[in-house]
Amino acid sequence: MKRLHVHVAVDDLAASIAFYSAMFAAEPTVAKEDYAKWMLDDPRVNFAISARGATPGLNHLGVQVESAEELAEMNARLQKLDGEVVEEMGTACCYARSDKYWATDPTGIAWETYHTLDSIPVFGHAAADASASASGCCVPEPTVARVSGCIPVKGKPAASGCC
């Protein structure tokens, strides 16, 4: 079985471990002083790309559930965290009508939890106006803007690795 690997640079490891442990309902399988990893079988991955005028790069991450009950469970987990949770019921986005909850992790990355109700023939609320949905699927504005990853650092050996 293959897994999608997502690596997120964070400022506050402890807060991020708490957030992701709640989000995934699991503790990390590896936890170090500067690193944590979860090896998850559930959820499976839904990966999407779009060319709608948004800045290239990570737009948001998400967990797609298969029922209203699972969505309610995800919302209950998110509500236990300190951050704001934004509810969107019956929203039109990405050629689908969905019920959603949005949360922002401690680093400022938007997380969407959603249950797809039906497919629709348009990208979102303003199908004729692509600029109205250029940010993707109405992703809440991040509280912290970050762009980072496994980038070689000048003066560091190439074999140092990061993932």
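The values are calculated or read from the model by the stated rules, or taken from the named source; none is laboratory data. Values in this document were obtained by computation on a predicted structure and should not be read as measured data. Cβ atoms come from the backbone with ideal geometry, glycine included; neighbour counts cover every protein chain shown.
Tally time: how many residues in segment 18-44 are of a type outside the set (K, R) and farther than 21 Å from Q64 by Cα?
Looking only at that region, the number is 7.
Inside segment 55-107, can you point out the residues that are touching a Gly at 6+ places or on another chain (Cβ under 9 Å), farther than 18 Å from Y20 by Cβ and of a type in the set (S, T, N, Q)?
N59, T91, S98
Mind listing whichever residues of segment 10-41 are touching a residue at least 40 places away in the same chain (Cβ under 8 Å), part of a loop (DSSP other than H, G, I, E, B) and surrounded by 14 or more Cβ atoms within 10 Å (Cβ to Cβ)?
V10
Inspect all residues belonging to segment 86-101 and state whether any of them is over 16 Å from V139 (Cβ atoms), assigned to a helix (DSSP H, G or I) and at pLDDT 90 or above.
Within segment 86-101, none of the residues are over 16 Å from V139 (Cβ atoms), assigned to a helix (DSSP H, G or I) and at pLDDT 90 or above.
Determine whether G108 is of a type in the set (G, A, S) and touching a strand residue (DSSP E or B) at 6+ places or on another chain (Cβ under 7 Å).
no
Can you confirm whether segment 73-80 contains a residue that is closer than 27 Å to S119 by Cβ, polar (S, T, N, Q), out of contact with any Asp or Glu (no Cβ under 7 Å at 6 or more places or on another chain) and modelled with pLDDT under 90?
No.
Filtering segment 102-134 down to residues that are among the β-branched types (V, I, T) and either under 26 Å from V6 (Cβ atoms) or in contact with a helix residue (DSSP H, G or I) (Cβ under 6 Å, 6 or more places away or on another chain) (or both), which residue is modelled with the highest pLDDT?
Per the criteria, the residue is T104.
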